[in-house]
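First comes the structure, then the notes that go with it.
The values are calculated or read from the model by the stated rules, or taken from the named source; none is laboratory data. Just so you know, these numbers come straight off a predicted model, no measurement behind them. Quick reminder, even Gly has a Cβ in these numbers, built from the backbone with ideal geometry, and neighbours come from all protein chains shown. Note: accessible area is taken over every heavy atom of the protein model, side chains too, but ligands, DNA and RNA are not part of it. Shrake-Rupley method; radii C 1.70, N 1.55, O 1.52, S 1.80 Å.
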Amino acid sequence: MLTMLAPAPHRHCAPEPDCGLCGAPLHRSLLDLGTVPLTHRSLAAAEPDTRHPLHIRLCDHCGLAQTGASPGGAAADHAFAEPAGRPGRYAETLRSRFHLNADSLVVDIGAAESPLLPHVQAAGIPVHPIEAATFNTATAMQIAVQQGCADIVLAHGVLPLAADMFEFAAALACILRPNGVVSLQFPHLLSLIQRVQFDAFRPDIRAHLSLPVTERLLRSVGLRVFDAERIPDDGGSLRLHVCHLHSRRDARPGVKAVRLTEADQPALAAGFAARVALARDDIRGFLRARRDAGRRVTAYGATARAAMLLNLCGVTPDEIATVADTDTTQHGRRMPGSRLPIGAPESVTADPPDDLIILPGPHVSDILRHFPTLRQTGTQIWTLLPRIARV
């Protein structure tokens, strides 16, 4: 069971850590998940798991939800691919809204295989990719001197991983042209809490961000948010458009709209751990009932979030036989922690299971295209979060 962190009355307690953003003592626990395996990559059959504590604390002063020191591991062989949303559509939005052309420069901070890169390059717009682990003020200034400052900086999914968020934000300010735009995107803390998405918390993710926390960070380096949008079809992400503090860009209505939605976050956060405990119990009971009924269950989606969900619910090969995925580099390997084997989607079609569980990460509509005839064979298709539901 999950419990809120509370000091025992008659024993010595470890000192509370300090907030990584404002330095205030972290008194409040959001969610304590104990010790969990790293889930950013698949494992060979005989490869051991690496386990780390995962306790998310919430700063009463600045509002940052954080895990503290990170074990790292975001870049590795056989890392799970992150769901990309609709990169082609967003790339076209950037091109048309901000008038990008062959004379523009887009800097993409993240992995070299960023899903946005091909779409931006296909429009004839120069792109300079930078590995997130190497991005700091020194590299930002070096690129600015050698290639010029950027019209657009893409930083999707990388700010929560930064070892020093102030340094990362300062580097964004260094590389951005006076009228340039930073596109930030990351899992939205409010969405995670509202949808009981406990699978999104991992030891290698240092911070879980809200709009006020991000605005405070950006203002400290001379940047401001002028537009904000919640992305419901991408696991509950928050997308921000950011400019220099004194840019003439007007604030858009989306910023106020997101601020209003976050007014309910403190009350939701107070009961989050209890709702996570109930969700975990429901998933365990659902899978146990299918096992006891002799039903054969398969899952789809080898992602980091899927691996975390399987681990936190104690799933073993007795409940779910295998996890299918289209990424051929993962086939024949194992999900970390649960050790479920990863196979090809064709195996599901060739030998339909009684139940198919769509794990967190990919879009359900995209997945069902791989299995157009599965329901006709009698297979029941399910999702597990925010509640168990038949698709």
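Going residue by residue through segment 89-107, is there one that turns out to be hydrophobic (A, V, I, L, M, F, W, C) and in contact with a Phe, Trp or Tyr (Cβ under 7 Å, 6 or more places away or on another chain)? No, the conditions are met nowhere in segment 89-107.
Any idea which residue in segment 256-291 is nearest to the chain's Cα centre (by Cα), counting only those that are more than 18 Å from S29 (Cβ to Cβ) and among the basic types (K, R)?
First pass over segment 256-291, keeping only residues more than 18 Å from S29 (Cβ to Cβ): 256-264, 281-291.
Narrowing further to those that are among the basic types (K, R): 256, 259, 284, 288, 290-291.
Details: K256: 24, R259: 21, R284: 23, R288: 28, R290: 30, R291: 30 Å.
Per the criteria, the residue is R259.
Where helices (runs of 4 or more DSSP H) fall wholly inside segment 173-286, the ranges with 2 or more residues that are small (G, A, S) are 253-261, 265-270. Read through the list (1) open to solvent by less than 20 Å² (accessible area, probe 1.4 Å); (2) within 30 Å of E229 (Cα to Cα), then give the number of the only condition that A270 fails. Result: A270 passes all but (1). Within segment 206-252, the residues that satisfy the criterion of being free of Cβ contacts under 8 Å to residues at least 60 places away in the same chain, farther than 25 Å from R177 by Cβ and surrounded by fewer than 19 Cβ atoms within 10 Å (Cβ to Cβ) are R230, P232. From the list I320, I381, I342, I358, the one residue that fits, being within 21 Å of L192 (Cα to Cα) and at pLDDT 90 or above, is I358. For segment 302-337, a tally of residues being on the phi > 0 side of the Ramachandran plot and either buried (at least 24 other Cβ atoms within 10 Å of the Cβ) or in contact with a strand residue (DSSP E or B) (Cβ under 6 Å, 6 or more places away or on another chain) (or both) returns 1.
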